[in-house]
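The values are calculated or read from the model by the stated rules, or taken from the named source; none is laboratory data. The structure presented is a predicted model; accordingly, all values stated were derived computationally and were not measured. Virtual Cβ from ideal backbone geometry, glycine too; neighbours counted across all protein chains shown.
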Amino acid sequence: MDNSAAGEHSGKNRIRRVVIAGGGTAGWVAAAALSTKLGELLDITLVESDAIGTVGVGEATIPPLRTFHHLLGIDEQAFMRATQATAKLGIAFENWGREGERYIHSFGKTGTSAWMCDFHHFWLRGKEMGFDSEFGEFCVEHQAAEAGRFATGPKSPLNFAYHLDATRYAAFLRTISEKHGVTRVEGKICDVRQNAHSGDIESLLLEGGEEIAGDLFIDCSGFRGLLIEKALGSGFEDWTHWLPSDSAVPLQTRATGPAMPYTRSIAESAGWRWRIPLQERVGNGLVYSSQYLSDEDATALLLERVDGEPLTDPRVIRFTTGRRKAAWKNNCIALGLASGFIEPLESTSIHLIVTGIVRLMQLFPFTGVESSLQEEYNRQTRVEMEDIRDFIVLHYHVNQREGDAFWDHCRQMAIPDSLAQRIELFRERAHAYQNNDELFRVDSWVQVMLGQGLQPESCHPVTQMMTRQEMQQLQTGLRARVAQSVNALPEHHAFIRQYCHAGDPV
Ligand code: FAD
């Protein structure tokens, strides 16, 4: 590019000063992404307050985070070492259908692909023929999770994500961001100054008197929504009638044994409990509805259930499930908890931060905020969140835990039409589908629908063309292939230790 072209470009670049309000996972993900990818075009400042701190949870992730890390050039070993990360191949759901039942929603592909219908149709037909195989027998990630085996690298067949320490992750991303020129300001934002005419944010005022001016503001202030809601009044679409949990108590404990490569999600009488194994400690927590369980009883239940020495004090976090009506309003974009919260059940929040910042970079308003960019950003954000919402509501709604008031309510509550239609289609004909760009694939929908106890009445008629012997051959062949892949994998805990700490002084 010659100098005149560069000059012309920078002249048009009206949005240059980006101010990020908040330094939790959302703030530092945004800072790391913007600075590594667009740093030369922007001046980025992040304001955070140590006194306020972060929400301190959010430790289970999903596989697309690896693509994001790849985009940023993050070294996996360095990242895993810095964040005490372990591998996650899926989530084990315990007691969700009925007490005593268990299924795994793994990140893998189950069985083999066929263009007319997915593998689960053939598996269902096998059941009709009398084959009593489990659906998860045909998925490498599922079996590797159960066996506690894992490897990463080009030869690994696994689709996986991480369990990570949220505080360390923010610190890790901060180092990257500062290396790429992000200025961090410590201080408490006490006022948001807006243009009297347009309402656009002009600057943030800190308690010490410092004023931070910007062209574009990213609200990563957490549930407070300091900019997007308190200043700009975006509005909130409340989803409590579909997702009734409104509270959580997190608690960290010392690890009592080798980490398994999956998250545990255990249904309790008025919500569910998570168990996220890191290298040296375990993240635990109870998510519940305060309408059905008091904070005292929730805390007592959690303390009774955890299996290691507590390392933190339990504390209650209150939230409202739903989404900010406009994630982008005026010259402010909300990311993370400031933009809404679905529920941590399928570990989608950090993912939504990543897709939010990637979307912003794709639609970045270099020449000034335009309504077309804003509307498209908000449309994509809404569709993405609604699809995830439906998937989460499915877990709650299709349950057979009769007699627990909370679960009875979830079973009987009205659900979004979009989800009702999906359930109907699966129940009648075993059909499942993935909307355009939808995060959760057919594999995910099928594992959860079957796992929650939704039994299809029929499957695709094409499966009737298969003989008993062909079915036998298909299942035996697939099972052998899965077993071969799993047996070739090392033990998860040993692999992680070696991968993260090879070369450490003894
Ligand atoms: P926060 O962590 O709250 O950060 C807010 C930032 O803003 C802080 O730095 C704070 O200091 C700053 N701030 C606020 N007010 C001011 C002010 N006035 N002045 C200056 N600074 C200010 N997500 C997942 O992906 N996986 C999970 O397993 C998962 N589990 C979760 C479990 C629970 C119970 C909850 C509640 C959430 C969970 N999440 C999970 C969501 C995840 O925690 C968040 O998406 C993630 O941590 C991002 O939070 P945040 O950065 O938006 O907000």
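For Asp2, indicate whether it is charged (D, E, K, R), away from the ligand (no atom under 16 Å from the Cβ) and either at pLDDT 95 or above or out of contact with any Gly (no Cβ under 6 Å at 6 or more places or on another chain) (or both).
yes
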Practice task
Please verify whether the stretch 276-293 includes one or more residues that are part of a helix (DSSP H, G or I) and more than 26 Å from His397 (Cα to Cα).
Solution key: no
Completion exercise
Every listed condition ((1) in contact (Cβ under 8 Å) with a residue 24 or more places away in the chain; (2) under 21 Å from Gly403 (Cα atoms); (3) of a type in the set (Gly, Ala, Ser); (4) out of contact with any Ser or Thr (no Cβ under 8 Å at 6 or more places or on another chain)) holds for Ser294 save (1)
Practice task
Check off (1) not in a loop (DSSP other than H, G, I, E, B); (2) not assigned by TED's automatic domain parsing to the domain that holds His351 for Met116 and give me the number that stays unchecked.
Solution key: (1)
Practice task
Kindly provide the set of residues from the stretch 373-418 that are among the hydrophobic types (A, V, I, L, M, F, W, C) and assigned to a loop (DSSP other than H, G, I, E, B), ordered by number.
Solution key: Val398, Met413, Ala414, Ile415
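Here are some residues: Ala171, Ala196, Ala166. Which one is hydrophobic (A, V, I, L, M, F, W, C) and loosely packed, with under 14 Cβ neighbours inside 10 Å? Give the derivation first.
Values: Ala171 fails: loosely packed, with under 14 Cβ neighbours inside 10 Å; Ala166 fails: loosely packed, with under 14 Cβ neighbours inside 10 Å.
Within the list Ala171, Ala196, Ala166, the selection yields Ala196.
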Problem - Any hit, the stretch 41-59, residues being away from the ligand (no atom under 16 Å from the Cβ) and surrounded by fewer than 18 Cβ atoms within 10 Å (Cβ to Cβ) - result: yes
Problem - Positions within the stretch 157-206 being within 22 Å of the chain's Cα centre (by Cα), near the ligand (Cβ under 10 Å from one of its atoms) and either more than 19 Å from Ile74 (Cα to Cα) or outside any strand (DSSP E or B) (or both), in sequence order - result: Leu164, Ala166, Thr167, Tyr169, Ala170
Practice task
Kindly indicate whether Gln421 is more than 16 Å from the ligand (Cβ to nearest atom), on the phi < 0 side of the Ramachandran plot, over 16 Å from the mean Cα position of the chain (by Cα) and assigned to a helix (DSSP H, G or I).
Solution key: yes
Handout entry: Contacts under 7 angstrom Cβ, first residue in the stretch 308-331 being among the charged types (D, E, K, R), partner in a loop (DSSP other than H, G, I, E, B), 6 or more apart
Key = Arg318/Asp246; Arg324/Gly225; Arg324/Ser234; Lys325/Ser234; Lys325/Gly235; Lys329/Leu232; Lys329/Ser234
Exercise for the section: Identify all residues within the stretch 297-331 that are part of a strand (DSSP E or B) and closer than 27 Å to Phe406 by Cα; write none if there are none. Expected result: Ile317, Arg318, Gly322, Arg323, Arg324
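For the structure I just gave you, tell me whether Ser245 is surrounded by fewer than 21 Cβ atoms within 10 Å (Cβ to Cβ) and in contact with a strand residue (DSSP E or B) (Cβ under 9 Å, 6 or more places away or on another chain). Talk me through it step by step, then tell me what you get.
Numbers: surrounded by fewer than 21 Cβ atoms within 10 Å (Cβ to Cβ): no; in contact with a strand residue (DSSP E or B) (Cβ under 9 Å, 6 or more places away or on another chain): yes.
No, not satisfied.
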Handout entry: Looking only at the stretch 262-280, and only at residues there that are closer than 22 Å to Ala85 by Cβ and more than 15 Å from the ligand (Cβ to nearest atom), the one that is farthest from the chain's Cα centre (by Cα)
Key = Glu280
Handout entry: Enumeration of residues in the stretch 355-393 that are within 26 Å of Pro416 (Cα to Cα) and among the hydrophobic types (A, V, I, L, M, F, W, C)
Key = Val383, Met385, Ile388, Phe391, Ile392, Val393
Completion exercise
By residue number, the members of the stretch 14-40 that are near the ligand (Cβ under 6 Å from one of its atoms) and polar (S, T, N, Q) are Thr25
Handout entry: Enumeration of residues in the stretch 44-61 that are in contact (Cβ under 8 Å) with a residue 60 or more places away in the chain and either over 23 Å from Thr312 (Cα atoms) or more than 17 Å from the chain's Cα centre (by Cα) (or both)
Key = Ile44, Thr45, Leu46, Val47, Glu48, Ser49, Asp50, Ala51, Ile52, Thr54
Exercise for the section: Could you tell me which of the residues Gln447, Gln362, Gln374 is modelled with pLDDT of 95 or more, more than 16 Å from the ligand (Cβ to nearest atom), under 26 Å from Ser113 (Cβ atoms) and not charged (D, E, K, R)? Expected result: Gln447
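So for the stretch 232-254 (the condition being under 30 Å from Ile15 (Cα atoms), of a type in the set (Asp, Glu) and within 15 Å of the ligand (Cβ to nearest atom)), does at least one residue qualify? Explain how you work it out, then say what you get.
Step one: of the stretch 232-254, the residues under 30 Å from Ile15 (Cα atoms) are 232-237.
Within this subset, residues satisfying the condition of being of a type in the set (Asp, Glu) are 237.
Adding the requirement that they be within 15 Å of the ligand (Cβ to nearest atom) leaves none.
Within the stretch 232-254, none of the residues are under 30 Å from Ile15 (Cα atoms), of a type in the set (Asp, Glu) and within 15 Å of the ligand (Cβ to nearest atom).
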Practice task
With the condition kept exactly as written, say whether any residue in the stretch 106-124 is within 16 Å of the ligand (Cβ to nearest atom) and buried (at least 22 other Cβ atoms within 10 Å of the Cβ).
Solution key: yes
Handout entry: Set Glu141, Glu137: member being out of contact with any Pro (no Cβ under 7 Å at 6 or more places or on another chain), closer than 30 Å to Glu470 by Cβ and surrounded by fewer than 21 Cβ atoms within 10 Å (Cβ to Cβ)
Key = Glu137
Handout entry: Count of residues meeting criterion [buried (at least 18 other Cβ atoms within 10 Å of the Cβ), part of a strand (DSSP E or B) and charged (D, E, K, R)] in the stretch 207-220
Key = 1
Exercise for the section: Scan (1) farther than 30 Å from Glu457 by Cα; (2) not in a helix (DSSP H, G or I) for the single condition Trp242 breaks and write down its number. Expected result: (1)
